1. Under 10 Å, Cα contacts only: if you run a Gaussian network model on chain A, which one of A:P286, A:P40, A:P177 comes out with the highest mean-square fluctuation?
2. Rounded, prolate or oblate: which fits chain B, taking a ≥ b ≥ c as square roots of the Cα gyration tensor eigenvalues, rounded meaning a/c under 1.5, else prolate when a/b beats b/c?
3. Residue by residue through the stretch B:77-90, what is 3J(HN,Hα) from phi via Karplus (6.51 cos²θ - 1.76 cosθ + 1.60, θ = phi - 60°)? Round to whole Hz and write x for glycine and proline.
4. Across the residues of B:70-77, average count of Cβ atoms on other protein chains within 10 Å?
5. Given the options B:R171, B:R83, B:R20, state which has the largest fluctuation in a GNM of chain B using a 10 Å cut-off (strictly under) for Cα springs.
6. Can you compute the modelled spin-label distance between A:K134 and B:L244, with each label point 7 Å from Cα toward Cβ, in nm?
7. Assuming R0 = 25 Å, what is the FRET efficiency of B:V29 and B:A259, from their Cβ-Cβ distance, to the nearest 0.05?
8. Taking each residue in B:216-228, count the Cβ atoms of any other chain within 10 Å of its Cβ, then average. What number comes out?
Amino acid sequence: MDRARVKRLSRRSVLAGLAAAPIGLSATRGLTAETGQPLPVRIGIQPQASWLLYVARDFKLFEKAGLQPTYIRFTTGAQSIAAVESKSLDIASPGITPYVAGLAQGVDWKVVGIDATMSGAEGIVARADSGITKLEDLKGKTIGVARGSTAYYGLLAALKGKGISKSDVKLLLMGPPEQLGAMRNKDIDAVAVWEPWIQRNINELGGRLIGMDADFGVYSTTGVYAVSREYADKNRDVIERFLTGLVLAYQYIQKNGPDAAISAVSEAMNVPRDVIKIMYQEAPVPNILRWADTGYQYSLTKGGAYHKQVEQMTEFLVAEGIISKNVDLSNAFDVSYIANVLRKLEKQ
Amino acid sequence: MIDKPQTPRRRQRFAADRWRYPLISFASVVGMICLWALVTGLGLVSSRVLPSPGEVLVQAGYLIRNGYADNPLIVHIGWSLFRATSGFLLGVALAIPVGLLMSYNRTIGAIVQPIFGFFRPIPPIAFIPLMIVWFGIGETSKILLIFAASFNYTVLNSAAGMRSVPEQLIRAGTNLGLTRWQLFTSVMFPAALPAILTGVKMSAAVSWAVLVAAELIAAQAGLGFIITDAGTFFRIPDVFIGILIIGVIGLGIEFLISAFERRLLHWQGKV
């Protein structure tokens, strides 16, 4: 372990001790009164902008909420589908696309929270010498994109808004690392990708940002917290304690600023802090206190704006043949857990 | 051993033996499929993680009619055949002479062996980022990855085959007045052939095994592409179909090489 990391951990530990304790005493008194024995839980974690999850992990806020967490690292959301299906994972944090793909394949799971809101941190970057300065210039160009990803959807939705169809562009299917190589070798003119790859394309290759999903009106670019229905029916308490830990993390960030979140995600993604700082500005912490608020962009309520965006994205995935059949999203999001946690918070 | 005369009874037994083992192999495959159907039919494993043979067949029919990711299934198979075969043939074509030379000439052996030994345990997938940077996202990087894996097995076996040529054969050839070239072509190379062909068979199998990794390099079509892409979206029947097609093709190639081996090494097993 290098010195810098030891220093950060030590500083973080001190901050944790100072900052988390008052939060633990005041904010959780009502929430954790009935905890008793900590409940074990296996949480899937990915190298992505899971601000709340990483702060809760690093400052042991799940433990404060009465959990005994084990973190299982995945490189992709797809792996967590199999893990939930095989009952070797309790709470997964996949992207919305793997979540919907799992639903389409009959995985009986539901969303209980929003992990990351990436609509401001996913978009299109063009090579500086490609002649592309706006969306319309993408016509006839070669674009690298990961098939079926939220970036894929965001790109085609953005192009559709400008009257450009899929056949008007040449899509080369590839993941973010291959996109970087292809941009470097000038095999492609642009990429549709998420952070930190956007910054890498800009900083390392001099790429030009054309726009983010949010600029094109696409707000479905999210990560979610998903649990199997079978697990949820038997472990309501675990899920509520998990969400309590996230609430504590949110309160910590509101009180102390985003430094801890930025450090944690920087370490998890192995990306420099400067880049993660930009990412934090583009894709801030989802407001967990409003997940039950129908007026919030990322509310879990049925029929809300987010629900509608995910429905549109699902129809797109069916049209593209990425999922074989449309799925019923009417019960895909369960707001009752966070609503209960927030009610307890209000009472104390 | 002197060949015994072919009596009618011996001919009958020979004819029966000729079909016995292929029948046993066929029955083994059918047995596996029946076991698979039984396990899924009894619900011992969720169909989401192990689809039944029937489900896989139905999905295969769907893929044949509708293709995958905007390409017909035959196009995916064609691309994989092209990549695997190219990498395999290039690997084998270079590996056989290099392997033979390594054993024949100790200086060359001393130069190349530590380099091969260093690279041998490194899985091809580890080279993917380098392949993209050095060779781009086109076919070159994919074929080179398969070439590297294929080369490895055949070069090892070719060198081992050459080293294991019995000393008596070499001495006999020398005593009969064969030149070095005649000794190599008429004695040493034929004696090393069984080991070389074993390496070729292993290279053929490993070429297909590495194909899935190679098609991670921005492949737009291919069986490895299907497997990886379907896995991303938890389309397990499609993953199975990709795996099964690769397995069937691999088996077919092994049969072909074995048939070629039997013709070429017709003398093997007889004194």
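Each value in this text was obtained by applying a stated rule to the coordinates, not by laboratory testing. Just so you know, these numbers come straight off a predicted model, no measurement behind them. When we count neighbours, we look across all protein chains shown, and the Cβ atoms used for this are built from the backbone with ideal geometry, even at glycine.
1. Its mean-square fluctuation being the largest, the pick is A:P177.
2. Values: a/c = 2.89, a/b = 1.33, b/c = 2.18.
In terms of gyration-tensor shape, oblate.
3. 5, x, 4, 5, 4, 4, 5, 5, 5, 4, x, 5, 5, 4
4. On the way: counts 6, 0, 0, 0, 0, 0, 0, 0.
So the per-residue partner count for this stretch is 1.
5. Highest fluctuation of the listed residues: B:R20.
6. Taking the simple label geometry, A:K134 and B:L244 are separated by 5.2 nm.
7. On the way: r = 18 Å, r/R0 = 0.73.
That pair, B:V29 with B:A259, gives E of 0.85.
8. Details: counts 4, 6, 12, 4, 5, 1, 0, 0, 0, 2, 0, 0, 3.
If you average over the peptide's residues, the count of other-chain Cβ atoms is 3.
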